[in-house]
1. Which order results if A:226, B:98, A:453 are arranged by neighbouring Cβ count within 10 Å, fewest first?
2. Return a whole-number percent for the relative contact order of segment A:134-208, with Cα pairs under 8 Å and 6 or more residues apart as the contact set.
3. Roughly how many Å is it from the Cα centre of segment A:403-418 to that of segment A:420-435, as a whole number?
4. What does the average come to when, for each residue of peptide A:447-460, you count the partner chain Cβ atoms lying within 10 Å of its Cβ?
5. Using alpha-carbon pairs under 8 Å, 6+ residues apart, how would you state the relative contact order of segment A:411-554 in percent?
6. Classify segment A:99-154 as rounded, prolate or oblate from the Cα gyration tensor: take a ≥ b ≥ c as the square roots of its eigenvalues, call it rounded if a/c is under 1.5, otherwise prolate when a/b beats b/c and oblate if not.
7. When 1/r is averaged over all different Cα pairs and the result inverted, which Kirkwood radius in Å belongs to chain A?
8. Take every DSSP beta bridge whose two residues both sit in segment A:71-403, then give the antiparallel share in percent to the nearest 5.
């Protein structure tokens with residue numbers, strides 16, 4: 001009588017276990033791998049002195065004015081948005097500042113970009129079959145980088161449109177041209193040309209919309225950004241921006257994702273950019289996160305509100321050679337507006353460090369329409385998870401940059417605590433406290449939290465929040481659903497990447513007094529249902545917080 | 001009853017054996033001073049000729065490769081998933097091992113013994129060993145982690161990217 005149930009139990013166990021480990025494979029996105037050439041061999045060392053991006057004399061004034069080509073249709077440049085004309089007419093068009101576009105390549109001889117391309121400094125990182133110095137796209141699919149480059153530095157040449165910094169110089173690195181990149185290539189893209197490059201634009205990231213955690217920062221990439229930010233530009237650092245991601249909208253193929261799930265955005269020296277629409281509301285797709293610094297115009301899903309920019313020839317919808325387009329949107333579009341603004345700021349004051357840039361951008365951001373507003377210690381006094389400290393105000397940032405004295409030197413304090421905090425699978429919130437002692441930081445700039453949680457079946461039913469001694473909180477992950485990669489598997493599934501360990505980053509505490517109290521980590525493991533809208537719950541084992549650490553960066 | 005018992009247990013053993021084959025083995029590597037865990041997916045892989053993910057059944061013969069439209073001489077790489085689920089995000093050991101080490105002489109000795117080469121990765125303290133893609137890189141990273149002076153040894157993963 002008891003035998004049948006035993007075999008049934010075993011069978012059930014088999015099905016359950018195999019379901020979790022067998023493979024499926026249907027959600028795999030293609031990854032191109034070229035085993036002969038994918039190892040970029042010449043990762044550059046960091047140039048720390050006598051480099052053009054910190055020692056050169058600022059070039060003379062150069063002006064630009066709206067009116068050429070399609071610039072009247074560039075709504076993000078008009079008076080109601082960034083309104084940069086007075087800055088340009090005052091002689092600051094970003095001249096002399098070099099911005100690197102790390103993307104899928106840039107059409108270097110485009111009529112509106114060629115004049116600003118810095119010859120000999122771009123690199124064909126993933127080998128598109130052209131020469132070492134030529135990352136121009138070879139397929140129509142690689143049209144993204146050309147659009148990004150135009151928003152930064154389309155030239156004031158009477159043709160087409162205008163970039164935010166119409167006389168900044170451009171270099172390109174085609175990291176995305178193969179749909180997959182290695183640690184060595186990632187590091188090369190962050191550091192190549194560091195004797196001339198001042199700003200690096202990253203309108204890319206790990207896969208959006210899956211809901212999964214991406215904990216796997218390559219050690220070389222991570223160190224390359226640290227070296228670039230602390231050693232290049234005579235120690236003032238390269239200014240790195242990264243897009244927040246477009247998985248913020250809960251749809252059948254997306255999953256209310258947060259930018260905190262991606263290691264690229266959690267890096268303490270990367271500045272994450274969100275997107276707003278023409279009204280100053282957060283774009284529906286922009287991912288929220290404690291690491292979002294600022295938001296800029298990135299359009300919406302509505303075609304009339306997308307941005308006009310340069311297009312890879314024959315792929316756009318405007319111009320004789322279809323070399324312009326008016327349909328570019330996303331955090332990919334918002335990020336180059338901030339990169340271009342950074343070029344204007346560095347033209348106004350070349351002595352600024354990358355941390356000064358972050359501080360000024362947050363200090364001058366305008367209040368946007370996103371809610372709820374949370375109290376912030378800097379700028380307009382508000383922080384939201386989708387727009388950070390607010391809406392980009394390029395003119396105010398450039399004005400503040402001119403006379404900004406610079407922040408004191410960067411310090412770092414780190415504390416690790418072992419724990420045996422049990423996290424029950426019943427929605428109940430548990431907490432642990434940690435005191436960062438013997439730390440000489442007075443003002444916080446960035447906080448990293450690393451947690452190691454054992455035995456978690458899923459990370460997506462956990463809520464994790466960090467409270468500062470001053471009582472401001474950073475929401476780092478919330479209960480959400482995972483999906484297959486967009487277009488592959490729209491049905492919901494369990495997220496499986498563990499937080500063991502996982503490192504989150506938060507810029508939410510920028511400007512906050514370090515204080516003397518403890519940091520509080522709050523975790524809850526929510527009850528999972530078998531399917532969306534189902535009442536049937538899934539019992540999961542109790543998990544344990546094994547250890548956690550906080551790294552505070554500040555001055 | 002006895003027959004039913006035997007059949008039941010036999011079925012269970014068969015199922016468990018099959019299941020044991022399907023469960024991906026855990027794989028560890030070191031990055032940023034931490035030990036990371038992955039699940040080596042032996043049922044799926046990447047075809048390096050086409051760049052496409054290969055689904056089950058894993059094609060091992062020229063005929064089965066041809067049936068899937070793969071070149072007969074294609075090479076298949078194992079993948080390491082970041083979670084235990086079969087559709088979790090994955091990394092591909094693309095070739096080469098990135099090593100953070102304070103003892104480059106030990107690295108050079110290790111590499112030359114295997115007719116490999118250790119070269120600077122461009123950042124102080126980091127080196128690259130030119131292992132072949134796939135298992136060679138996974139095994140080399142595991143072995144290198146126990147060498148004196150090694151703080152981190154990771155296969156040079158290829159990561160999927162997305163324009164935003």
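Values in this text are rule-based calculations from the coordinates and carry no lab data. This structure is a prediction, so every number in the text was calculated from the model and none was measured. Neighbour counts run over all protein chains shown; Cβ positions are idealised from the backbone, glycine included.
1. Placing the least packed residue first, the sequence is A:226, A:453, B:98.
2. Values: 49 pairs, mean separation 15.5, N = 75.
Across segment A:134-208, relative contact order equals 21 percent.
3. 29
4. 1
5. Reported as a whole number, the value is 47 percent.
6. Details: a/c = 1.70, a/b = 1.26, b/c = 1.36.
Verdict is oblate for segment A:99-154.
7. Every distinct Cα pair counted, the radius reaches 24.0 Å.
8. If I count the DSSP bridges inside segment A:71-403, around 25 percent turn out antiparallel.
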